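The values are calculated or read from the model by the stated rules, or taken from the named source; none is laboratory data. Everything quoted here is computed from the prediction, not taken from an experiment. Cβ placement follows ideal geometry from the backbone for every residue including glycine, while neighbour counts extend to all protein chains displayed.
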Amino acid sequence: MRAAVVHDFHRPLSIEDVPIPEPGAEQVLVRIEASGLCHTDIHAARGEWPVKPAPPFIPGHEGVGVIERVGPGNAHGLEPGMRVAIPWLGYACGDCRYCNSGRETLCPTQLNTGYSINGGFAEYAVGYARHVVRVPDDIDPVDAAPLTCAGVTTYKAVKVSGATSASRVAVFGVGGLGHLALQYARIAGAEVIAVDVNEQRLRTARELGAEHVVLAGEDQDPVGEIQRLGGADVAISTAVTPIAFEQALSSLARGGTLVCVGLPAHNGMNVPIFETVLGGLTIKGSIVGTHQDLVEVYDLHRRGLTRVERTERPLEDVNDSIAEVLDGSASTARLVFRMQPTDTQAEAALAAETA
């Protein structure tokens, strides 16, 4: 099968033929139809986070496709032919206090797709049956892929923010994650402020329901603009630069909450203690949503309440696509690799069906 493989953090990904993986106990083999490019995949490929993946590995944690084969043991109701997503949370123990209280994304022994286990930048991938999520048949796989991470991550962020119909929510960074965050805030009934350095993204944010847009940059003062509106009750930062988190915190009204979502390569932000204490501010971290959160995200999309801004690319364009995300020239919020069937793939699929 074709796959994009990381061999070295300082070299481009390599498109190569690798063996089709075999599903183990309580696992499923998925023929990938689409896989989104998340900034986390770029961090992984470059080894930019404190805990690094071990090359060689295949990135991608927004893989959506059709089950070809089921491994031995409990398949948790899954069968060949079902469409599923393989999310960031590839495995959780199911026994710890976090798993047993509906917080499996905090499991200390979790395995992450495209990081500690091979992901969806390939024609096939293996997922644990308990953790893959069914995708409704009437959702395009190219839409479902970004929802698998960008969608569920920002849906969870809006949930934990406590945003209501009376809230003013500022979303810092309205790209792949943020354009969905503002839609979930709108579904909650909130007044939304979109903040970005890219004018095209702000125009899209307007189309998606943002009441206010703020162009951030060297000559703009997003904090002042938001404070003139009365300050934000909630600020959600999906950006990948620490200054965006600091601006988001400073934009809050008294009693406001900052939800940190993005994970910058430079791990740190300045927090003014005096203003945080006197303003009664709250800072929360929000990691990806749970299995149930993703089920809800798909349901909202199936009902026509969200729109995914994405552009399809072949897997062979992975390195050019990464460059576009990094320099800000990507044409839409999310780039999604659409896997094109090959003769080898078709033969393997047929063999799986007749096995």
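Counting only residues that are part of a strand (DSSP E or B), of a type in the set (D, E, K, R) and surrounded by 18 or more Cβ atoms within 10 Å (Cβ to Cβ), the stretch 8-38 holds 2 of them.
Scanning the stretch 63-107 for residues that are in contact with a helix residue (DSSP H, G or I) (Cβ under 6 Å, 6 or more places away or on another chain) and either closer than 18 Å to SER286 by Cβ or assigned to a helix (DSSP H, G or I) (or both) yields PRO87, TRP88, LEU89, ALA92, TYR98, CYS107. Applying the criterion of being small (Gly, Ala, Ser) and under 12 Å from TYR298 (Cβ atoms) to the residues of the stretch 138-162, the residue that is surrounded by the fewest Cβ atoms within 10 Å (Cβ to Cβ) is ALA144.
Check whether at least one residue in the stretch 39-48 is of a type in the set (A, V, I, L, M, F, W, C) and outside any helix (DSSP H, G or I), and report yes or no. Looking through the stretch 39-48, none of the residues is of a type in the set (A, V, I, L, M, F, W, C) and outside any helix (DSSP H, G or I). Cβ separations smaller than 8 Å between residues 6+ apart or across chains give the following pairs from the stretch 77-93 residues that are more than 20 Å from ILE117 (Cβ to Cβ) to residues that are of a type in the set (Lys, Arg) and not in a loop (DSSP other than H, G, I, E, B): PRO80/ARG69; MET82/ARG134; ARG83/ARG134. Might you let me know whether the stretch 136-157 holds any residue that is farther than 21 Å from ARG334 by Cβ, at pLDDT 95 or above and not in a strand (DSSP E or B)? So far as the stretch 136-157 goes, no, none of its residues is farther than 21 Å from ARG334 by Cβ, at pLDDT 95 or above and not in a strand (DSSP E or B). Taking the stretch 179-200 as the range and being crowded, with 24+ Cβ neighbours inside 10 Å and modelled with pLDDT under 95 as the test, only ASP196 passes.
Which of the residues belonging to the stretch 231-243 are surrounded by fewer than 24 Cβ atoms within 10 Å (Cβ to Cβ) and in contact with a strand residue (DSSP E or B) (Cβ under 6 Å, 6 or more places away or on another chain)? Within the stretch 231-243, GLY231, ASP233 meet the criteria.
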